[in-house]
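The values are calculated or read from the model by the stated rules, or taken from the named source; none is laboratory data. Note that the coordinates shown come from a computational prediction; the quantities given were computed from them, not determined experimentally. Note: ideal-geometry Cβ built from the backbone for every residue, glycine included; neighbour counts use all protein chains shown. We work out accessible area using only protein heavy atoms, side chains counted, and drop any ligands, DNA or RNA first. Shrake-Rupley method; radii C 1.70, N 1.55, O 1.52, S 1.80 Å.
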Amino acid sequence: MSGLAVRAAASVRSPRGRVPEGVPAALDYFRDLLTPFGEKPDEELLSRGPHVHHRDLVDLLVADEGVGRSRPELAIVAHALPDVVPFTAVAPHLTEQLGGRAVNFAIGQQGLAAPFTALRIASAYHRSGRAAEVVIAVLEQTTLPTPFPLPLPRETSLTDSAAALVLGASTGEGLGFVRAHAAGSAAAALGRELGEDGTLLVLGPWVTEDVPDHGAVHRVAPGSYCTSLWLELADHWQEWQRDFRRIVLCDTDPRSGRSHVALFAATGG
């Protein structure tokens, strides 16, 4: 069976927020969650956030024609930060918008590794014959109960954002997913992927170390924790597919220090 290739993609940046709702209940939940760690929720911080829910991000992604017409057998939601209000199941909501027949689940608690894990799972489902088409939605909302626990520069703030990839069987010309893996540093993770002509290296905003010399490099601007690479891929995959034979995406999780890489390559031709 052929591998998965990108069929459509969509991105969302800084959508309009909503009036806060469910904050008292959420505060009780966050108090219970944070108290054992000697912390407490910041009610003012939580109240003044944009309150863009994961469901809102999903609805905006599905409004894109390329994503909205997909009828996948597998739908995966990947996120590094929690939803505004807990107790919500967003993967079933995504599935309902896309025909209602997909196996669905979310991947969290992995930092920016979550979308890379989603790609590996999608590829395994496809190879086993269980999913001819897959939708991966990478979501990030920024209304949090405590200050963001990452070393952001003072002038940098996170923005609500989301990206979706529609992946299907590779037929003819396209951009196919090859593999995703991780290592203890960006240089180590990239070692096996660079060196071939026609390769574009896309570096996420958290890669701060020196990486192997490479000709074509696209650096993603700061502004997100886990969506940055996927926003750029959603926006540029068609032009990158025309101009390069291989696309290497790399970012380093600032919390774990591990670097994650995904390789896409042109198919057909």
query = In the stretch 218-269, which residue that is under 17 Å from T208 (Cβ atoms) and hydrophobic (A, V, I, L, M, F, W, C) is most open to solvent (accessible area, probe 1.4 Å)?
reply = A221
ask   = On the given criteria, is A113 part of a helix (DSSP H, G or I) and closer than 30 Å to V207 by Cα?
value = yes
remark   = Filtering helices (runs of 4 or more DSSP H) wholly in the stretch 37-94 for at least 1 residues that are closer than 24 Å to P20 by Cα and of a type in the set (S, T, Y) gives 43-48
query = If L46 passes every condition in (1) farther than 28 Å from T95 by Cβ; (2) open to solvent by 90 Å² or more (accessible area, probe 1.4 Å) but one, which one does it miss?
reply = (2)
ask   = Out of the stretch 252-269, which residues are over 15 Å from the mean Cα position of the chain (by Cα) and part of a loop (DSSP other than H, G, I, E, B)?
value = P254, R255, S256, G257, R258, G268, G269
note = Checked pairs for the stretch 191-217, first over 16 Å from R246 (Cα atoms) and in a loop (DSSP other than H, G, I, E, B), second open to solvent by less than 30 Å² (accessible area, probe 1.4 Å) and among the small types (G, A, S), C-beta under 6 Å and 6 or more apart or across chains, list as G204/S228; P205/S228; V207/A186; E209/A186; V211/A186
request  = Look at the stretch 84-121 and say how many of its residues are open to solvent by 60 Å² or more (accessible area, probe 1.4 Å), among the polar types (S, T, N, Q) and either modelled with pLDDT of 95 or more or closer than 18 Å to L61 by Cβ (or both).
outcome  = 3
key: Residue that is open to solvent by less than 20 Å² (accessible area, probe 1.4 Å) and modelled with pLDDT of 90 or more, where the choices are D160, D197   = D160
